[in-house]
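One structure below.
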Amino acid sequence: MSEPILEMRGLVKHYPLTRGILFKKQIGAVKAVDGVDLDLLPGETLGIVGESGCGKSTLAKMMVHLERPTAGVLRYKGEDITQLSGRALKRVRRNIQMVFQDPYTSLNPRMTVGDIIGEPFDIHPEVAPKGDRRRRVRELLDVVGLNPEYINRYPHQFSGGQRQRIGIARGLALRPEIIVADEPVSALDVSVQAQVINLLAALQRELGLSLVFISHDLSIVRHISDRVGVMYLGRVVELGRDEEIYDHPTHPYTQALLSAVPVPDPLAREHRERILLGGDVPSPAHIPSGCRFRTRCWKARERCALEVPLLAVPAEFRLAEGPAKHPSACHFAEEKRVVPTAGPSD
Ligand SMILES: Nc1ncnc2c1ncn2[C@@H]1O[C@H](COP(=O)(O)OP(=O)(O)OP(=O)(O)O)[C@@H](O)[C@H]1O
Ligand code: SF4
Ligand SMILES: [Mg+2]
């Protein structure tokens, strides 16, 4: 297997909770990301799914160095970049770019599309010398399927899907090796979501990008990902190739999420078991002891409150072969096929 292009080891992001105005006293912490180990392999698409508030965006921001981890290590091509600053950080950041969720608020309404897409060249003029910028921007517009003649238009003259294409073009401007796309289609109409996903998939293939694709929508993530990580309350609880996660999940949380995915085939729908989770997601400021999913897990036993389950291939599958053999952070991991067909349709 090739060396990871990005390695996350024990990544943590805690936001302090304080009381008092003049004399701030820390009274706790929001544990947005609480110990994530993940590898991104060169040229793969790694999907990350989980409910709202589970830490997906915080993890994404640490990957692109918009947030500094509270603890843990982030390595890019084997080099620890966690504490980099100044010129060394600038060099690395060029190669790891982000595409944001909301194409309505992430584009400056007073700038032309040409200036928006070309803005990264101000920080990295070596990528496109001044005289060459407009040509480069036109090329980028073409790459994302927009008419290069639109270069002088303003964001409000574009639809949501087109705006997200502009956001993607800006993400590609510096020819990065890694793109982290945080809910890139959630703000778009369902009718244009597939177009933007197909564009990202095509770019990933043609440019050989490593892509992190984040979404709360399991069907969308399956469509584009080679591997998928399922997050719950700041941690990855299950990780595997798409068929391992979707057709052979072993973690109760993944099974519950999958049981709620809409199934288009009525026959399959009828035979599908719905798993309804009790209670709300606990606050990331008060994470349960042991297994953080235990307050909602129908299989929870005493051991679950005492021992933190690690993300590893569970003992019962270690000697076996087959798709159930993949990392799952559960003391009582069991294979359960939730969706009876091959999976959610495209
Ligand atoms: N700057 C911050 N200060 C304090 N708490 C924060 C901050 N940013 C995020 N959080 C909290 O951290 C937790 C994780 O947030 P995050 O935005 O990473 O979740 P998410 O999985 O991206 O959710 P969504 O699906 O809604 O985008 C949430 O409880 C959030 O309120
Ligand atoms: S460790 Fe226990 S509480 Fe956690 S997911 Fe497994 S069975 Fe449920
Ligand atoms: Mg988010």
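The values are calculated or read from the model by the stated rules, or taken from the named source; none is laboratory data. This is a predicted model, so every value here is computed, not measured. Cβ atoms come from the backbone with ideal geometry, glycine included; neighbour counts cover every protein chain shown.
Take G290 and decide whether it is under 19 Å from G53 (Cα atoms), more than 16 Å from ligand 3 (Cβ to nearest atom) and either in contact (Cβ under 8 Å) with a residue 60 or more places away in the chain or not hydroxyl-bearing (S, T, Y) (or both).
Against the criterion (under 19 Å from G53 (Cα atoms), more than 16 Å from ligand 3 (Cβ to nearest atom) and either in contact (Cβ under 8 Å) with a residue 60 or more places away in the chain or not hydroxyl-bearing (S, T, Y) (or both)), G290 does not qualify.
Is there any pair with a first residue in segment 41-55 that is under 12 Å from S225 (Cα atoms) and a second that is outside any loop (DSSP other than H, G, I, E, B) and near ligand 1 (Cβ under 6 Å from one of its atoms) whose Cβ atoms are under 6 Å apart and which are 6 or more apart or on different chains, and what are they?
Matching pairs, first to second residue: I48/K56.
Condition check ((1) over 20 Å from V144 (Cα atoms); (2) away from ligand 2 (no atom under 16 Å from the Cβ); (3) outside any loop (DSSP other than H, G, I, E, B)) across all residues:
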site: I168; (1), (2), (3): no, yes, yes
site: S219; (1), (2), (3): yes, yes, yes
site: R222; (1), (2), (3): yes, yes, yes
site: V236; (1), (2), (3): yes, no, yes
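Mind checking whether some residue in segment 18-40 is in a loop (DSSP other than H, G, I, E, B), touching a residue at least 12 places away in the same chain (Cβ under 8 Å) and not aromatic (F, W, Y)?
Looking for residues that are in a loop (DSSP other than H, G, I, E, B), touching a residue at least 12 places away in the same chain (Cβ under 8 Å) and not aromatic (F, W, Y), one finds none in segment 18-40, hence no.
Those residues that are part of a loop (DSSP other than H, G, I, E, B), more than 16 Å from ligand 3 (Cβ to nearest atom) and crowded, with 17+ Cβ neighbours inside 10 Å, I need them from segment 55-81; list them, please.
H65, P69, T70, I81
Do we find that L258 is more than 16 Å from ligand 3 (Cβ to nearest atom), part of a strand (DSSP E or B) and surrounded by 13 or more Cβ atoms within 10 Å (Cβ to Cβ) in this structure?
No, not satisfied.
Anything in segment 92-127 that is among the acidic types (D, E), surrounded by fewer than 16 Cβ atoms within 10 Å (Cβ to Cβ) and closer than 22 Å to P148 by Cβ? List them, or say none.
Answer for segment 92-127, where residues must be among the acidic types (D, E), surrounded by fewer than 16 Cβ atoms within 10 Å (Cβ to Cβ) and closer than 22 Å to P148 by Cβ: E119, D122.
Given the condition surrounded by fewer than 24 Cβ atoms within 10 Å (Cβ to Cβ), of a type in the set (F, W, Y) and more than 16 Å from ligand 3 (Cβ to nearest atom), answer yes or no: does some residue in segment 152-174 qualify?
Yes, segment 152-174 contains a residue that is surrounded by fewer than 24 Cβ atoms within 10 Å (Cβ to Cβ), of a type in the set (F, W, Y) and more than 16 Å from ligand 3 (Cβ to nearest atom).
Out of segment 145-165, which residues are in a helix (DSSP H, G or I) and of a type outside the set (D, E, K, R)?
P148, Y150, I151, N152, P155, H156, Q157, G160, G161, Q162, Q164 - these are the residues of segment 145-165 that are in a helix (DSSP H, G or I) and of a type outside the set (D, E, K, R).
Say we look at segment 50-83 and pick out the residues that are of a type in the set (V, I, T) and in contact with a Lys or Arg (Cβ under 6 Å, 6 or more places away or on another chain); which of these is nearest to ligand 2 (Cβ to nearest atom)? Spell out the reasoning first.
Initially, segment 50-83 is screened for residues of a type in the set (V, I, T), giving 58, 64, 70, 73, 81-82.
Going one step further and asking which of them are in contact with a Lys or Arg (Cβ under 6 Å, 6 or more places away or on another chain), we end up with 58, 70, 73.
Working: T58: 22, T70: 24, V73: 26 Å.
Filtering segment 50-83 for residues that are of a type in the set (V, I, T) and in contact with a Lys or Arg (Cβ under 6 Å, 6 or more places away or on another chain), the one nearest to ligand 2 (Cβ to nearest atom) comes out as T58.
Just to check your reading of the model, which residue among S210, S191, S219, S259 is at pLDDT 95 or above and of a type in the set (G, A, S)?
The unique qualifying residue is S210.
What pairs come up if the first residue lies in segment 113-124 and is free of Cβ contacts under 8 Å to residues at least 12 places away in the same chain, the second is surrounded by 19 or more Cβ atoms within 10 Å (Cβ to Cβ), and their beta carbons are under 9 Å apart, counting only those six or more places apart or on different chains?
Between residues of segment 113-124 that are free of Cβ contacts under 8 Å to residues at least 12 places away in the same chain and residues that are surrounded by 19 or more Cβ atoms within 10 Å (Cβ to Cβ), the close pairs are D115/V137.
What tally of residues in segment 11-54 results from selecting those that are more than 16 Å from ligand 1 (Cβ to nearest atom), surrounded by fewer than 21 Cβ atoms within 10 Å (Cβ to Cβ) and within 19 Å of V180 (Cβ to Cβ)? Full working, then the answer.
Taking segment 11-54 and keeping what is more than 16 Å from ligand 1 (Cβ to nearest atom), we get 20-23, 25, 37, 39-45.
Right, trim to surrounded by fewer than 21 Cβ atoms within 10 Å (Cβ to Cβ) and you get 20-23, 25, 37, 39, 41-44.
Imposing the further condition that a residue be within 19 Å of V180 (Cβ to Cβ) reduces the set to 37, 39, 41-44.
Residues flagged as more than 16 Å from ligand 1 (Cβ to nearest atom), surrounded by fewer than 21 Cβ atoms within 10 Å (Cβ to Cβ) and within 19 Å of V180 (Cβ to Cβ) within segment 11-54 amount to 6.
A quick yes/no check of all residues on (1) within 20 Å of M62 (Cα to Cα); (2) more than 16 Å from ligand 1 (Cβ to nearest atom); (3) more than 20 Å from the chain's Cα centre (by Cα):
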position: N152; (1), (2), (3): no, yes, yes
position: G160; (1), (2), (3): no, yes, yes
position: N198; (1), (2), (3): no, yes, no
position: V212; (1), (2), (3): yes, no, no
position: S215; (1), (2), (3): yes, no, no
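Among the numbered criteria (1) within 16 Å of ligand 3 (Cβ to nearest atom); (2) among the hydrophobic types (A, V, I, L, M, F, W, C); (3) crowded, with 19+ Cβ neighbours inside 10 Å; (4) farther than 14 Å from Q97 by Cβ, which one does V212 miss?
Condition (4) is where V212 drops out.
Only residues in segment 82-99 that are within 17 Å of E7 (Cβ to Cβ) count as the first member; pair them with residues that are part of a strand (DSSP E or B), Cβ under 6 angstrom, at least 6 apart or cross-chain, and list the lot.
Hits for this filter: T82/V73; T82/L74; V92/Y76; I96/I178.
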